[in-house]
Amino acid sequence: MLLKGKPVADRIKEEIIKTVAECRNYGAPIPKLAILRVGERSDDVAYESRVLKNCSELGIEAEVVAVDNNICMVDFMAVLDRLNEDPKTHGILIFRPLPQQLDMEVVSRGIKPEKDIDCMSPVNAEKLFTGDISGIPPCTPEAVIEMLKHYQYELSGKNVVIVNRSMVLGKPLAMLFLAENATVTICHSKTKNLPQVTSSADIVITGAGKSKFFGTDYFNKDSVIIDVGINMVDGSLCGDVDFEEVSESVAAISPVPGGVGTVTSMLLLSHVIKAMKLQQRMK
Ligand code: NAP
């Protein structure tokens with residue numbers, strides 16, 4: 001079975017459209033996203049234009065604040081503070097990685113938790129790790145769970161292996177799976193006998209960032225795979241799993257492109273609405 005992202009993203013999109021219309025009826029402010037971009041990296045600019053297109057389709061206001069790649073920490077924090085204090089801005093997205101002169105830890109602590117739509121702030125991370133649902137979870141791990149739920153996979157009691165231990169993916173995703181009563185194993189580059197570990201799991205999440213790394217020996221015929229890896233090979237995108245080799249011999253797999261990434265970008269916008277509601281103390 002091919003686990004496509006589009007039907008999942010479309011469902012989230014419908015929910016956003018409905019919520020935006022309801023907010024209008026109740027006289028709530030128009031939700032607004034601010035994108036804070038440092039420099040002109042082509043992948044940032046491409047992602048930004050997709051986000052802006054989605055925003056205009058969904059009735060979400062958007063502002064791009066583009067700053068010079070050489071911006072100093074003091075100036076960067078001043079821009080962030082302006083967005084933090086702007087009552088019309090509900091969600092702030094900062095493209096990462098940041099250039100070296102900008103201290104990521106200070107920036108993470110600087111973003112207002114209720115405007116932090118991709119869980120950069122340690123306040124939101126702590127909420128995730130303590131099971132407090134009032135925080136805003138990171139988009140990519142949440143997208144993985146949304147994909148599996150949409151395709152009606154029972155998670156309770158399942159053995160899940162995540163190949164990634166970053167704060168962007170593996171660690172927060174482990175918390176989300178635990179909240180669903182799954183049994184979770186996190187793997188990384190020092191894990192021994194990786195094919196043995198992954199092939200004994202019910203569900204495998206690949207996020208090593210290595211193109212076509214996972215072949216059939218990493219899975220079994222009942223494996224359900226969500227491939228989070230995004231890799232560029234000879235000008236085209238591919239995942240971490242060798243899709244051609246693996247897709248016929250497992251139970252289900254998400255493609256790249258067209259899989260989890262599609263869901264991630266729609267969830268980002270649903271987080272802008274959640275942030276607006278948090279700030280307005282709406283249910
Ligand atoms: P990262 O920080 O580089 O993390 C990669 C992880 O994979 C690390 O935990 C690393 O282990 C592990 N790893 C690398 N090689 C391995 C190997 N041979 N065997 C086992 N584990 C291995 O990257 P990231 O920011 O988390 O992103 C991971 C991937 O997800 C990238 O391809 C990125 O483009 C993609 N991504 C996709 C989305 C989406 O929406 N679809 C969003 C964000 C990121 P160590 O910790 O030991 O180094």
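The values are calculated or read from the model by the stated rules, or taken from the named source; none is laboratory data. In this text the structure is predicted, and so the values were computed from the model without any measurement. Using ideal geometry, Cβ is built from the backbone for each residue, glycine included, and neighbour counts are taken over all protein chains shown. These accessible areas exclude ligands, DNA and RNA; they are computed on the full protein's heavy atoms, side chains included. Shrake-Rupley method; radii C 1.70, N 1.55, O 1.52, S 1.80 Å.
How would region 139-261 be classified by its alpha-carbon gyration tensor: rounded, prolate or oblate, with rounded meaning a/c under 1.5 and the a/b versus b/c comparison settling the rest?
Judged from the Cα gyration tensor, region 139-261 comes out rounded (a/c under 1.5).
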**Complete:** Largest fluctuation, Leu194, Leu128, Leu169 only, Gaussian network model of the chain with Cα springs under 10 angstrom, belongs to Leu194
**Prompt:** What is the antiparallel percent of DSSP beta bridges lying wholly in the chain, to the nearest 5?
**Reply:** 10 percent
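Hey, with R₀ at 22 Å, roughly what FRET efficiency would Glu105 and Val79 work out to, going by the Cβ-Cβ distance, to 0.05?
It comes to 0.80.
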**Asked** In percent, what relative contact order does the chain have, based on Cα pairs under 8 Å that are 6 or more apart in sequence?
**Response** 21 percent
**Prompt:** Plugging the Kirkwood radius over Cα pairs into Stokes-Einstein for region 27-113, at a temperature of 37 °C and a viscosity of 0.692 mPa s, what D comes out in µm²/s?
**Reply:** 242 µm²/s
**Asked** Expressed in nm to one decimal, what extension gain is obtained for the pair Lys190 and Ser156 from 0.36 nm per residue of sequence separation less their Cα-Cα distance?
**Response** 9.5 nm
**Message:** Using only the alpha-carbon atoms, what does the chain span along each of its principal axes? Please give whole angstrom values in decreasing order.
**Reply:** 52, 44, 37
**Asked** So what is the accessible area of the chain per residue, in Å², with the probe set to 1.4 Å?
**Response** 49 Å²
**Message:** List the pairs from Lys13/Lys53; Lys112/Lys274; Lys127/Lys149 whose alpha-carbon separation is above 18 Å, in the order I gave them.
**Reply:** Lys127/Lys149
**Request:** Calculate what fraction, in whole %, of the accessible area of region 139-261 sits on carbon and sulfur atoms when a 1.4 Å probe is rolled over the protein chains.
**Result:** 50 percent
**Message:** Can you give the local net charge around Val144? Use residues other than it whose beta-carbon is closer than 12 angstrom to its beta-carbon, Lys and Arg +1, Asp and Glu -1.
**Reply:** -3
